[in-house]
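Below you'll find the structure, written out as structure tokens, and then a few comments.
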Amino acid sequence: MPSTQSDEIKRRRGIYLLPNAFTTANLFAGFFAVVQAMNGRFEMAAIAIFLALVFDGMDGRVARLTNTQSAFGEQYDSLADMISFGMAPALVMYVWALQGLGRWGWLAAFIYVVGAALRLARFNTNIGVVDKRFFQGLPSPSAAALVAGFVWLAVDNKLSVSVDALPWIAFLLTIYAGLAMVSNAPFYSGKSFALGRSVPFWVMLVVVGGFVFVSADPPLVLFGLFVLYGLSGWVIMAWRWNRARHLTRMRSELPAAADAAGRNDVPAPPHTAGSNTTPSSFDRPERKE
């Protein structure tokens, strides 16, 4: 009996290796991005952030598929995300373009960092409260992909922007990513898509086509896709607002329509003596001779 209790205590104190290994890879990729940025290798830094995004997506999926979720894994994943998608993109962008703007540069980087921290804190406290189909605010991995994708695209010389305008574009993009993370705009989460269920054969062809499409020009395609995703939340918010306004208008019009219909259904009052209305020939009594 004592040995059984000891085994149970050890099992509770242990951690699951597989999902936490992916989280560690996510953390390493974020740290590697910072090191590469300090060495002036910004393209490698951007690629490392995208690799961190892949590892971050895999650790949660693996934990759900293998039923190895744990409170330790959730906290470890949140801390790793703060490094890989909070500090790393801000530092890469600052060293690459924002440093020449002086105080405005580091203020933009700080706005991004604090936005990522608030985004992760709100996500951890809102688990089980908000709709799982949508994120509240831009997810921190997508915000990091916006920043890293812009760096990768510009370094790869596929962005025709003047040298003087480039830091200010980076400044606006960094601030937008930081503020979008703490907004209330709903962004599709993709959690409703279950990897464990069977799908038609054409879905596999679509996945292969997606890999081919991205590999054709990775910096341009990835940055374009995340720009569209970064704007999709505002489109969904505008659609929801327009729909709510339409429903509110319909509800306000229903009582008026019901009152009008009620007035049309009321019968005309009968003719009474003393009325100014002249009775018709059918209502006049016959004269007796």
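Read-outs throughout are calculated quantities, based only on the coordinates presented, and are distinct from any laboratory measurement. Just so it is clear, the model here is predicted, and its values are computed rather than measured. Every residue, glycine among them, receives a Cβ derived from its backbone with ideal geometry; neighbour counts consider all protein chains shown.
The amide H of Ser189, built 1.01 Å from its N in the peptide plane, has Phe134, Phe135 as neighbours under 5 Å, considering only residues 5 or more places off or on other chains.
3J(HN,Hα) along the stretch 154-168: 6, 5, 7, 6, 10, 10, 8, 10, 5, 5, 6, 7, 4, x, 6 Hz, from the Karplus curve 6.51 cos²θ - 1.76 cosθ + 1.60 with θ = phi - 60°, whole Hz, x for Gly and Pro. The C-alpha atoms of the stretch 5-158 occupy a region whose extents along the principal axes are 61, 31, 26 Å, arranged from largest to smallest.
Could you order the peptides 22-34, 148-160 from most to least packed, using the average number of other C-beta atoms within 10 Å per residue?
Details: 22-34: 22.2, 148-160: 19.4.
Top of the packing list down: 22-34, 148-160.
Simple point charges give the picture: +1 on the Cβ of Lys and Arg, -1 on the Cβ of Asp and Glu, and for the stretch 19-87 a dipole about the Cα centre of about 100 debye.
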